[in-house]
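The values are calculated or read from the model by the stated rules, or taken from the named source; none is laboratory data. Since the model is a prediction, treat every value here as computed from it, not as a measurement. Neighbour counts run over all protein chains shown; Cβ positions are idealised from the backbone, glycine included. All accessible areas refer to the heavy atoms of the entire protein, side chains included, with ligands and DNA or RNA removed. Shrake-Rupley method; radii C 1.70, N 1.55, O 1.52, S 1.80 Å.
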Amino acid sequence: MKVKPFKTVPALIVAGVILLVCLARILDLDFFQRLEHLTYDMRVRCALRFPSPVATNLGFVFINEESIRAVADGRLGYRFGLYWPRQVYGRLVHELAAQGAKALAFDVIFGELRPDHAPVQLRENATMESDEFFAQQMLLAGNVILAVTREVIPPPLFLTNAIARGDISTDKDPDGILRRARAFRTYRSWHPLFRQVEADPEYGVDLRRARVEPRRIVLPRTQGDDIVIPLDEEGNFELADFVGDKLPPGLPAKAKPFTEERIWHMGVVLAARELGLDLDRAELDFAHGRITLPGAGDAKRIIPVDAEGCFYIDWCLPPNDPRLTQEAIHDLLRQNRQRLEGQTNLPARWQGKLAVLGSSAMGNDLTDRGATPLAPDMLLVSKHWNVANSILTGRFVRRASLPLELGLIVLLGLLAAFLTWRAHALLGATLILLAALGYAVLAVILYVQSRYWLPVALPLLGALLMTHVCLVTWRVVFEQAEKRRVKSIFSTIVSPKIVQELLQAKSLALGGARREITVLFADVRGFTALTDASQEHAAQQVRERQLTGAAAEAVFDEQARDTLQTVNLYLGLVADTIINQDGTLDKFIGDCVMAFWGAPVANPRHALQCVRAAIDAQRAVHALNLQRARENQERRRQNQSRAAAGQPPLPLLPLLCLGTGINTGLATVGLMGAESKAVVRQGNYTVFGREVNLAQRLETLSGRARIFISQTTLDHLQRDDPALAASCLALPPVTVKGIRTPVQVYEVPWLPPGAPPIPDEADEPADAPASPPA
């Protein structure tokens, strides 16, 4: 019989889980991406407990509620509402420049000129427009970086007086958490004629929706057909397409529809200002996931980026970090006023600092707040100095590459398979949990120490735990089926104790194995004579009563039932004795019982238990015969009375005996059956071989109420029960069928001293000798 596949199915399960997890990583499924991000966020928060080296020249100038009140109540020498005129920011630029700040990055967008703002009073009769004052202060300071977005770009008056522009756009993940920053964005500056078209409401054009296609530009309109501007091979358009014949003299006939400029992240621009990095000569290598920022001499920084040019922000400097220089804007404005009044003993906290201006005030549209890995509600202006810090320190969050992630998935999947399959359920689960804990701790340590992002969700939860769960589930289902199969096979042929041992065994060789076993054959002597006598008695009744047809068949059937009931009574005694002695009841062969010890559960004392079972069986049959003999004496007395009354006599109970043969040796054990599903279900767990045949031959020679054993069985008895072995009687060697050399035979005495002898009325069997063979 074929054994259930213990290896093929689990291997397929493991391979399937690993392939599915690898596929989930390759497809970058949103669910697992969110799960991985959760583990990343936990590591970021954990890393915050272990402060890492940071740049010491970063600072935050914040606008809070007190700043708004200070500007509004006139304590600074002027009164302005919530939306301050540009002169306020100009005064800040002046003060930070006076203190020696190396750069001032605005996280505030100045989208247009505001001539309506109050002018600046310079002297008694001299004033300056607020915007012009702001631009002048930026020019004089030479350290201002202005904020831009694709939607809002400051006017040329401001841009030309600032040293750089920085992109302050926010790229949140689908779950709304800001984890990444885009190193730069490409800004498109359209030709003035295109901007005129956009400004004319008659056209209804939004240049942000323009499509650049081969040899043309398509301008979608809110109403009507799209406007299509043809381009030549060099990407130029005809100005005549816009102005017709009104082209002013001296202007070229063709021009580029737009120019593109790379605007770097505000934090990158800040760091480049400090390190002297040349952003215009940046080397982009998205294929290998890096951007190289060259500097003077050998100075350079390499930013690890993804295919979109984004990198993960190292959130090591939250807004409340004491290592970050912080000061409210109204304090700086007060110092500026004092400076202008001639005071000279003012602090210079911002000497050589890189300052970021942003709002922390609650309840106004100047403050940009949102979720980060550190907190669900945090000042997003902090992204600028954290990005700058990464570049200044050269410390970036580096995520494991895709090949490494796939390798980890395969490795942890195989580890889970090994631990689950080789260990017991509880030990395997414990080892898996320890492996998961160890991997998680390693991931945290790598991030805290070196900002290396080791993937957790798919390798750990997907490969390791899912492989373990699937294998355990399969083992539970398979082992339950195996337990049902073992019970169906052995529950009626071995004791409940052996069944439990089988269910707890690690493996069973049911398909065939070579084992040392002890085989017993016990034949009910007198069965043939009993059958013949019963048949003759039934025939006599039919003749005397002149029965025919169904009536005659009923007599024969009743006699057959009585005969079978008698034999089953004796065979049942033997079977119960075998099971009580932890033997395996192989089969009933007519009036003979076959059993063996030593399989399916190993038993080093199999010979001793077999002989003891034979002794117990003989004693049980002897006790039954004594009981039936007493019953027969009672029936004889009753028959005398019945004869006098003309009644038929009661039949006497037949007394039967056992002849037993036992042998020990190596044999083949296993489930035997035809190779078809219909037959295999009825397969018999049996034993066969030369030693089995010898045990059967010894049973044939054993005669009436005797136990014959072989030399090998005696040798085992001498080891396990010397007293029982010494009581055995050596008989002359005999020649048996199928074995060339004579076989030494021993008889095991079983009748206890002082026990009543075997009743004389026990039938002398016609199919076995009555005395020991010579």
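Among the candidates Leu340, Leu357, Leu380, Leu333, which residue alone is within 25 Å of Phe80 (Cα to Cα) and touching a Lys or Arg at 6+ places or on another chain (Cβ under 7 Å)?
Working: Leu340 fails: touching a Lys or Arg at 6+ places or on another chain (Cβ under 7 Å); Leu357 fails: touching a Lys or Arg at 6+ places or on another chain (Cβ under 7 Å); Leu380 fails: within 25 Å of Phe80 (Cα to Cα).
Being within 25 Å of Phe80 (Cα to Cα) and touching a Lys or Arg at 6+ places or on another chain (Cβ under 7 Å) holds for just one of Leu340, Leu357, Leu380, Leu333, which is Leu333.
Tell me, please, whether a residue that is over 48 Å from the mean Cα position of the chain (by Cα) and acidic (Asp, Glu) can be found in segment 9-29.
There is no residue in segment 9-29 that is over 48 Å from the mean Cα position of the chain (by Cα) and acidic (Asp, Glu).
Test Glu261 against the criterion of being in a loop (DSSP other than H, G, I, E, B) and not hydroxyl-bearing (Ser, Thr, Tyr), and give yes or no.
For Glu261, the condition - in a loop (DSSP other than H, G, I, E, B) and not hydroxyl-bearing (Ser, Thr, Tyr) - is not met.
Look through segment 313-330, keep the residues that are open to solvent by less than 10 Å² (accessible area, probe 1.4 Å) and farther than 15 Å from Phe62 by Cβ, and return whichever of them is farthest from the chain's Cα centre (by Cα).
My answer is Cys316.
I'm trying to understand the selection: among the residues of segment 574-597, which are open to solvent by 10 Å² or more (accessible area, probe 1.4 Å) and part of a loop (DSSP other than H, G, I, E, B)?
Passing the criteria: Gln581, Asp582, Gly590, Asp591.
Yes or no: Ile26 touching a residue at least 24 places away in the same chain (Cβ under 8 Å), under 30 Å from Gly413 (Cβ atoms) and either open to solvent by 20 Å² or more (accessible area, probe 1.4 Å) or assigned to a loop (DSSP other than H, G, I, E, B) (or both)?
The answer is yes for Ile26.
Examine segment 528-551 for a residue that is hydroxyl-bearing (Ser, Thr, Tyr), surrounded by 16 or more Cβ atoms within 10 Å (Cβ to Cβ) and more than 19 Å from Leu650 (Cα to Cα), and state whether such a residue exists.
yes
Taking segment 338-366 on its own, how many of its residues are within 29 Å of Gly166 (Cα to Cα) and not small (Gly, Ala, Ser)? Explain how you work it out, then say what you get.
As a first pass, look at segment 338-366 and keep what is within 29 Å of Gly166 (Cα to Cα): 347-366.
Next cut, not small (Gly, Ala, Ser) only: 347, 349-351, 353-354, 356-357, 362, 364-366.
Final tally of qualifying residues: 12.
So which residues in segment 656-668 are buried (at least 24 other Cβ atoms within 10 Å of the Cβ) and farther than 18 Å from Val748 by Cβ?
Correct list: Leu656, Ala667.
So, in segment 552-573, how many residues would count as being among the aromatic types (Phe, Trp, Tyr) and open to solvent by less than 60 Å² (accessible area, probe 1.4 Å)?
Looking only at that region, the number is 1.
Just the residues that are in a helix (DSSP H, G or I) and either under 15 Å from Ala98 (Cα atoms) or aromatic (Phe, Trp, Tyr) (or both), please, taken from segment 128-145.
If the condition is that a residue be in a helix (DSSP H, G or I) and either under 15 Å from Ala98 (Cα atoms) or aromatic (Phe, Trp, Tyr) (or both), then Phe133, Phe134, Gln136, Gln137, Met138, Leu139, Leu140, Ala141 are the ones that fit.
Looking at (1) in a loop (DSSP other than H, G, I, E, B); (2) open to solvent by less than 40 Å² (accessible area, probe 1.4 Å), can you tell me which one Arg349 breaks?
All conditions pass for Arg349, except number (2).
Of all residues being at pLDDT 95 or above and under 18 Å from Leu279 (Cβ atoms) in segment 149-163, which is least open to solvent (accessible area, probe 1.4 Å)? Just the residue, please.
Ala162
Here are some residues: Val54, Val44. Which one is touching a Pro at 6+ places or on another chain (Cβ under 6 Å) and among the aliphatic types (A, V, I, L, M)?
Within the list Val54, Val44, the selection yields Val44.
So which residues in segment 51-68 are open to solvent by 10 Å² or more (accessible area, probe 1.4 Å) and in contact with a His (Cβ under 9 Å, 6 or more places away or on another chain)?
Within segment 51-68, Asn64, Glu66, Ile68 meet the criteria.
Quick check on segment 71-99: of everything there that is over 17 Å from Glu341 (Cβ atoms) and not in a helix (DSSP H, G or I), which residue is modelled with the lowest pLDDT?
Among residues in segment 71-99 that are over 17 Å from Glu341 (Cβ atoms) and not in a helix (DSSP H, G or I), the one modelled with the lowest pLDDT is Leu82.
Name the residues in segment 75-129 that are closer than 21 Å to Val269 by Cβ, open to solvent by 10 Å² or more (accessible area, probe 1.4 Å) and among the β-branched types (Val, Ile, Thr), would you?
Scanning segment 75-129 gives Val108, Ile109.
Scan segment 733-774 for residues that are within 28 Å of Leu608 (Cβ to Cβ), modelled with pLDDT under 80 and either open to solvent by less than 70 Å² (accessible area, probe 1.4 Å) or among the polar types (S, T, N, Q) (or both) and jot them down.
Residues satisfying the conditions are Ala755, Ile758, Ala768, Pro769, Ser771, Pro772, Pro773.
I'm told Leu48 meets every condition in (1) open to solvent by 10 Å² or more (accessible area, probe 1.4 Å); (2) touching a helix residue (DSSP H, G or I) at 6+ places or on another chain (Cβ under 9 Å); (3) not basic (Lys, Arg) except one. Can you identify the failing condition by its number?
Single failed check for Leu48: (2).
Looking at this structure, is Gln618 polar (S, T, N, Q) and modelled with pLDDT of 90 or more?
yes
Out of Ala617, Ala560, Ala602, Ala575, I need the residue that is closer than 18 Å to Arg525 by Cα and within 53 Å of the chain's Cα centre (by Cα). Which one?
On the way: Ala617 fails: within 53 Å of the chain's Cα centre (by Cα); Ala560 fails: within 53 Å of the chain's Cα centre (by Cα); Ala602 fails: closer than 18 Å to Arg525 by Cα.
The conditions single out Ala575.
Determine if segment 623-639 includes at least one residue that is touching a Lys or Arg at 6+ places or on another chain (Cβ under 9 Å) and crowded, with 18+ Cβ neighbours inside 10 Å. Outline the logic, then answer.
Pass one, segment 623-639, residues touching a Lys or Arg at 6+ places or on another chain (Cβ under 9 Å): none.
Checking segment 623-639: not a single residue is touching a Lys or Arg at 6+ places or on another chain (Cβ under 9 Å) and crowded, with 18+ Cβ neighbours inside 10 Å.
A quick yes/no check of all residues on (1) at pLDDT 95 or above; (2) among the polar types (S, T, N, Q); (3) over 21 Å from His37 (Cβ atoms):
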residue	(1), (2), (3)
Leu402	no, no, no
Leu414	no, no, yes
Leu419	no, no, yes
Arg422	no, no, yes
Leu427	no, no, yes
Leu431	no, no, yes
Val441	yes, no, no
Leu446	yes, no, no
Tyr452	yes, no, no
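Could you tell me which numbered condition Asp225 fails, if it satisfies all but one of (1) open to solvent by 80 Å² or more (accessible area, probe 1.4 Å); (2) at pLDDT below 90; (3) closer than 30 Å to Phe311 by Cα?
It is condition (3) that Asp225 fails.
The conditions are (1) open to solvent by 30 Å² or more (accessible area, probe 1.4 Å); (2) in a loop (DSSP other than H, G, I, E, B), and Arg334 fails exactly one of them. Which is it?
That leaves (2) as the condition not met.
Being free of Cβ contacts under 8 Å to residues at least 40 places away in the same chain, within 27 Å of Asn161 (Cβ to Cβ) and among the hydrophobic types (A, V, I, L, M, F, W, C) is the filter here; which residues of segment 52-99 pass it?
Once the filter is applied, which keeps residues that are free of Cβ contacts under 8 Å to residues at least 40 places away in the same chain, within 27 Å of Asn161 (Cβ to Cβ) and among the hydrophobic types (A, V, I, L, M, F, W, C), segment 52-99 yields Phe80, Trp84.
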